[in-house]
Amino acid sequence: MSHLLSRWRRLGAAVIASALTACAAPAADTTSILGQRTPTPRLGQRIAVPAYMPASDTTSWNELSNAGSQLGLLDGGLGSSAISTIRHHGTKVVGYVDTGWFGFRGKPTADGRTDATSWLVQAEQGVDALYSRYGSSLDGIFFDDATTTCGPRPGSYEYVDYYRRLNDFVHTTHRGSLTVANPNAPVPQCYENAADVLVTFEGTEREYLNPSAANAPVPWQLHGDPDKFWNIVHDVRQSDLPKVITKSKQNNAGYLYATDRAGTSAPYQAMPTPSYFNTELADSKVPDSQTPVTPGGLTASYATATTATLRWASAPTTGAVGYDVYANNVKIGSLRNSSPSAEQFTATGLTPATRYTFTVRSRDMAGTQSSASPGTTVTTRSPDGVAPTAPRGLADSDLKATSTTLSWAASTPTPSAALASYDVSENGTHLLTLAPSTTRITLGGLNPAKTYSFTVTATDTTGAASAASNTLSVTTPPQPAAHIVNPSITHTSNAITFQAKYTLPYTVKNVFIDTDANTSTGCAIATGTADIGADYRIENNTLYHYAGQTASSCKWSPVTSVTPVITDTDGLHTWTIPISALHLPGSSISAIFNGSDSSNSLGDYSTTTTLTLS
């Protein structure tokens, strides 16, 4: 997702509003779009809304509540009192977790690390924290900042494998959860099993209707299960809604959100008008008079301790575009219709020595499901009798108020089965699932002045788990009194550097910059010391210019020609930008540093620091 839109998603959990609507048989209309006559599938869509408006915006939340059963997913707003009403209509709520491209683009974790394993640890901890906080009110996870290629070179799957692992973690630890990944662009088919839903476009109406090669839908999307794809389009005039909705149907996007709000002014911080949104809801659906035929011939075979292979006959004449698979009445995945080939689905993350009854429902272009197929039952195998050796020498290092580093000696697998994973437990509760090559992690998200107990176990490919490692007891030191200290500004003839020491691992780090020494211009930043009117803002790795005020917040426009140079050494964070990037009408420049995360959305502030320009 773009840096501009990503900053709003960091403020909370993600909401996708999915409208399950009725649809006719899979015929096609021919509609003129930009002078070209293109077949338009009679695709009934789900409306998927990224909802980052504040809880105080009752107008927007009432609009979502009144959408009824057409609203199916919300990204954001887990703390809103409207959520229970919205979920009562069948809406699912997904929580936001940043994946930071798993560090492959250099983005640091909250504690400044850029390796993929640290990002996986932080993401899995984020998943656990959301489910711990919201429990049964949470229906899934939104993976932001997803990569767009399979790996760093042709034939490599290094990038997508991390998303597959995180996807498996969510599905295994929270059975029945929905996962959404946001690469913000079309992706290769290697991503088909990286999440249940993929955001394959996020941008303006102009780019959507006249896409560049990088944003044009790829063949596997055009012929895939529509429920796999979500398109988000902003800056859409209401008069152009029919064009955008038609284009989304041609793109085979089963999920859509269009808004007239501009991308430069927080397009997801408020809903469009009721007239606009009601038009979108109405035009995205089509009437339905048929129910797809129930799948037949379901069988289960090749059961291992943790997987089972399902097969059934394809449905070439029933209008089915996809199939939904259930284990013990819980949906575990979907599959596109591969007619005329037989369908095959591998259920993963199963529990060894457990009985499962699987069923399948076919789904037509509207999302209308058939009745469930006759069930087929299988019992997964028991693990092999010989397990890997227990991990040895679990120890900690680099202990801080909110983090520590854990390391251990690798387990020895049996001759007949390789290691599959390591599992880390905290105070007796499962916390992380890691790759078998991982024997060292930095664990954040801890509380200051608290004692924790950790163990590690190894599991092999047959499902056999080792004994636990030694139990490691760790007590974190007290939290520092000041959270952002030693703020400073320095400059050369060509560049200006902002620096502060962050003693806590904030997810979002900001520098608010006042270039005209005028508190009445710019965004008002009041900390109780020397207040400023911020004319610029650096958030993580993006520079913004103040762009005005809404009723409840400041608007910011990205300075796309500038990319701050960032360093982070043990919490000492610096941003360096060209001095020419700032308009400097006065003789001084002031700054206030800020840090925030999902548990502290307002965050903490430094004192004001001022540099006199020479």
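The values are calculated or read from the model by the stated rules, or taken from the named source; none is laboratory data. Small disclaimer: the values here were computed from a predicted structure and weren't measured. Cβ placement follows ideal geometry from the backbone for every residue including glycine, while neighbour counts extend to all protein chains displayed. Ligands, DNA and RNA are stripped out before the accessible areas are found, and what is left, the full protein with its side chains, is counted by its heavy atoms. Shrake-Rupley method; radii C 1.70, N 1.55, O 1.52, S 1.80 Å.
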Ordering 269-275, 373-379, 510-516 by per-residue average of other C-beta atoms within 10 angstrom, highest first, gives 510-516, 269-275, 373-379
On each of the three principal axes the extent of the alpha-carbon atoms of region 259-337, given in whole Å and largest first, is 53, 36, 20
Quick calc, the chain, dipole around Cα centre from Cβ unit charges on Lys, Arg (+) and Asp, Glu (-), nearest 20 debye, gives 840 debye
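Rounded to whole Å and sorted largest first, what semi-axes of the equivalent ellipsoid does the C-alpha gyration tensor of region 436-485 yield via the square root of 5 times each eigenvalue?
Working: eigenvalues 204, 35, 10 Å².
Listed largest to smallest, the semi-axes of region 436-485 are 32, 13, 7 Å.
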Highest mean packing first, using Cβ neighbours within 10 angstrom, the peptides 206-218, 137-149, 186-198 sort as 137-149, 186-198, 206-218
Quick calc: nm separation of the 7 Å Cα→Cβ label points for ARG87 and THR550 -> 2.5 nm
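So what is the orientation-averaged projected area of region 183-256, using the convex hull of its C-alpha atoms, in nm²? Numbers along the way, then the final one.
Values: hull surface 17.3 nm².
Mean projected area of the Cα convex hull: 4.3 nm².
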Counting only DSSP loop positions in region 251-327, the chymotrypsin sites (Phe, Trp or Tyr not before Pro) whose Cβ has at most 13 other Cβ atoms within 10 Å are TYR302
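What's the FRET efficiency of VAL293 with VAL330 using the Cβ-Cβ distance as r and R₀ = 25 Å, to the nearest 0.05? Mind dumping the intermediate values first?
On the way: r = 23 Å, r/R0 = 0.93.
For VAL293 and VAL330, the calculated efficiency is 0.60.
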Taking the dipole of region 508-614 about the Cα centre (Lys, Arg +1; Asp, Glu -1; charges at Cβ), the one of THR609, PHE593, PHE512 that reaches farthest to the positive side is PHE512
Expressed in nanometres to one decimal, the distance between label points 7 Å along Cα→Cβ at SER136 and ALA482 is 4.8 nm
If N is the residue count of the chain, its Cα Rg over 2.2 N^0.38 Å rounds to 1.01
Mean accessible area per residue over the chain (1.4 angstrom probe, all protein chains present, square angstrom) is 40 Å²
Computed, not fitted: 222 nm per-residue ellipticity of the chain from DSSP H runs ≥ 4 (each -39500 (n - 2.57)), nearest 500, equal to -4000 deg cm²/dmol
A student asked for the Cα radius of gyration and Dmax of region 380-520 in angstrom ought to give 22.0, 74
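My understanding is that a pair violates if its Cα-Cα distance is over 29 Å; which of LYS107/LYS400; LYS331/LYS555; LYS92/LYS285; LYS107/LYS555; LYS107/LYS285; LYS509/LYS555 do that in this structure? Mind showing how you got there, number by number?
Numbers: LYS107/LYS400 22 Å; LYS331/LYS555 41 Å; LYS92/LYS285 19 Å; LYS107/LYS555 24 Å; LYS107/LYS285 39 Å; LYS509/LYS555 17 Å.
Table pairs above 29 Å Cα-Cα are LYS331/LYS555; LYS107/LYS285.
Can you give the net charge of the other residues whose Cβ lies under 13 Å from the Cβ of SER80, counting K and R as +1 and D and E as -1?
Numbers: positive: ARG87; negative: ASP57, GLU63, ASP75.
Net local charge, SER80 excluded: -2.
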Once both label points are put 7 Å beyond Cα along the C-beta direction, the THR610-ASN494 separation in nm becomes 3.0 nm
Log10 I(q)/I(0) at q = 0.11, 0.12, 0.14 Å⁻¹ for region 449-559, from Debye over equal alpha-carbon scatterers, is -0.60, -0.65, -0.74
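With a 1.4 Å probe and all protein chains left in place, how much of the accessible area of the chain comes from carbon and sulfur atoms, in whole percent? Could the numbers behind the result be given before it?
Values: 12360 of 24530 Å².
The C+S portion of the solvent-accessible surface of the chain is 50 percent.
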At the level of C-alpha centres, the distance separating region 328-393 and region 240-297, in angstrom, is 31 Å
So for region 346-414, using the alpha carbon gyration tensor with a ≥ b ≥ c as root eigenvalues (a/c under 1.5 gives rounded; past that, a/b versus b/c decides prolate or oblate), I'd call it oblate
Rounded to the nearest 5, the percent of DSSP beta bridges in the chain running antiparallel is 80 percent
For region 152-198, the Cα-Cα pair-distance distribution in 10 Å bins from 0, as whole percents, is 26, 54, 18, 2
For 107-114, 292-299, ranked highest to lowest by mean beta-carbon neighbours within 10 Å, the order is 107-114, 292-299
The distance between the Cα centres of region 151-172 and region 510-562, in whole Å, is 38 Å
Along principal axes, largest first, the alpha-carbon spread of region 112-258 in whole Å comes out as 44, 40, 31
